[in-house]
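*Asks:* There's a structure below that I have some questions on.
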Amino acid sequence: MKKRTESHLVTATLKYLQCLENRGDIKYVDRCNSGTIYAKRRKIILHRAGFPDILVMMNKKGNYSQFVFIECKVGTGLSDEQKQFQSMIKDSGHRYIIIKELDDLCQIKFV
């Protein structure tokens, strides 16, 4: 049996959320890459270390849009940077969700 990776979980999660976006249940979904890459001798800094894997913007409720941050984890816990982001996001009144498999995501109400 092939080992399940975090990359596979992120991909499956994005496909599921894209279906929700396409049918209008959520406003927007995007993959958030962290770290640094080098392209043509240029250093490109992506999101800071610890930023969650996926950002979801909910449909407008009242006077504001709610954001949901999703961290996909397979087998390991959160890093110190991820714990700091989790705390900051929750303190800001947004949702921070950790999923270990796609079924975890299917239990969450986005509408």
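The values are calculated or read from the model by the stated rules, or taken from the named source; none is laboratory data. As the structure is a computational prediction, the values presented were derived from the model and not from experiment. Cβ placement follows ideal geometry from the backbone for every residue including glycine, while neighbour counts extend to all protein chains displayed.
*Asks:* Cβ contacts < 7 Å: first residue under 20 Å from Asp25 (Cα atoms) and free of Cβ contacts under 8 Å to residues at least 24 places away in the same chain, restricted to the stretch 92-111; second residue surrounded by fewer than 12 Cβ atoms within 10 Å (Cβ to Cβ) and of a type in the set (D, E, K, R), any location; separation 6+ or different chain. Result?
*Replies:* none
Matching residues to (1) in contact with a helix residue (DSSP H, G or I) (Cβ under 7 Å, 6 or more places away or on another chain); (2) under 15 Å from Leu20 (Cα atoms):
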site: Phe51; (1), (2): yes, no
site: Ile54; (1), (2): yes, yes
site: Asn59; (1), (2): no, yes
site: Thr76; (1), (2): no, no
site: Lys83; (1), (2): no, no
site: Ile98; (1), (2): no, no
site: Leu102; (1), (2): yes, yes
site: Leu105; (1), (2): yes, yes
site: Ile108; (1), (2): no, yes
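*Asks:* Restricting to the stretch 40-69, name every residue that is assigned to a strand (DSSP E or B), among the aliphatic types (A, V, I, L, M) and either out of contact with any Phe, Trp or Tyr (no Cβ under 8 Å at 6 or more places or on another chain) or modelled with pLDDT under 90 (or both).
*Replies:* Our first condition is that a residue be assigned to a strand (DSSP E or B); within the stretch 40-69, this holds for 42-45, 47, 54-57, 61, 64, 67-69.
Next, only the ones that are among the aliphatic types (A, V, I, L, M) stay: 44-45, 54-57, 68.
Residues satisfying the conditions are Ile44, Ile45.
*Asks:* Quick one: which residue in Val74, Val68 is without any contact (Cβ under 8 Å) to a residue 60 or more places away in the chain, surrounded by 10 or more Cβ atoms within 10 Å (Cβ to Cβ) and touching a Leu at 6+ places or on another chain (Cβ under 9 Å)?
*Replies:* Working: Val74 fails: without any contact (Cβ under 8 Å) to a residue 60 or more places away in the chain.
Result: Val68 is the single residue among Val74, Val68 that is without any contact (Cβ under 8 Å) to a residue 60 or more places away in the chain, surrounded by 10 or more Cβ atoms within 10 Å (Cβ to Cβ) and touching a Leu at 6+ places or on another chain (Cβ under 9 Å).
*Asks:* Then there is this: Looking only at the stretch 17-57, filter to residues that are of a type in the set (Phe, Trp, Tyr) and exposed (fewer than 15 other Cβ atoms within 10 Å of the Cβ); which one of those is nearest to Lys100 (Cα to Cα)?
*Replies:* The residue in question is Tyr28.
*Asks:* What single numbered condition from (1) surrounded by 14 or more Cβ atoms within 10 Å (Cβ to Cβ); (2) over 18 Å from His8 (Cβ atoms) fails to hold for Lys60?
*Replies:* (1)
*Asks:* Which ones in the stretch 90-103 are over 12 Å from the mean Cα position of the chain (by Cα) and under 14 Å from Met57 (Cα atoms)?
*Replies:* Scanning the stretch 90-103 gives Gly93, His94.
*Asks:* Something else about it: What do you reckon, is Ile37 of a type outside the set (Lys, Arg), at pLDDT below 95 and either assigned to a strand (DSSP E or B) or in contact with a helix residue (DSSP H, G or I) (Cβ under 9 Å, 6 or more places away or on another chain) (or both)?
*Replies:* Yes, satisfied.
*Asks:* Under the condition of being in contact with a Leu (Cβ under 9 Å, 6 or more places away or on another chain) and among the hydrophobic types (A, V, I, L, M, F, W, C), which residue from the stretch 7-36 is nearest to Thr76 (Cα to Cα)?
*Replies:* Leu9
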